[in-house]
1. Does the range 136-169 hold any residues that are surrounded by fewer than 18 Cβ atoms within 10 Å (Cβ to Cβ), touching a residue at least 24 places away in the same chain (Cβ under 8 Å) and of a type in the set (Gly, Ala, Ser), and which are they?
2. Taking the range 98-109 as the search range and keeping residues that are modelled with pLDDT under 95 and in contact with a strand residue (DSSP E or B) (Cβ under 7 Å, 6 or more places away or on another chain), which one is farthest from residue 77 (Cα to Cα)?
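The values are calculated or read from the model by the stated rules, or taken from the named source; none is laboratory data. Note that the structure is a prediction, hence the values are computed from the model and not measured. Here the Cβ positions follow ideal geometry from the backbone for every residue, glycine too, while neighbour counts run over all protein chains shown.
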Amino acid sequence: MELFRGILGGKVVKAQIIYLTGFMGSGKTTIGEGLGKALGVTVVDTDKWIEEKEGKAIRELFSEKGEGFFRDLETEALQSISQTPQIITTGGGIILREDNVSIMKEKGIVINLKCEVEEIFQRLAGDQSRPLLQNKNKKEIETMYLERKKHYEQSADIIFDTSGKSIRKIIQELKEYLLKN
């Protein structure tokens, strides 16, 4: 089953897996779930897969075993779940490892959900579930955002701006784009 057929970079692309990437708070999980319903497609979230496999919350894994261990689990998750047609929503740092980007590029198309940093601050206000945000001020989060921005852009087949749009609007536009192409 094809989830996408279109022209990317001058060549015809057929994809069975759609990966949603982006900075934390860009809407990957929420949009992925809505898009999955709209397209009638299964959605798998790498963070949820990891939590189920390990029996612990992401923040616990970070504090007990460190970021490197967690990044290894992300790669394992991608290798395991990138086998059947579906939408895969990813953690914000999944693009930091070249192995992860290679898996996603080989198995499907990568859609980066871009969002302006100010809107991300608003969306994440008070969220205690994100370990990389703990004890960080706005400037530190903005620095992390800017450091990752180039990775998101370089790894993406499609960059989709979610800034200032409702979840419903984003899902509608993405669905139309995917079905049109």
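1. 163, 164
2. It comes out as 109.
This table checks each residue for (1) of a type in the set (Val, Ile, Thr); (2) crowded, with 19+ Cβ neighbours inside 10 Å.
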| residue | (1), (2) |
| --- | --- |
| 48 | no, no |
| 63 | no, no |
| 73 | no, yes |
| 99 | no, no |
| 111 | yes, yes |
| 118 | no, no |
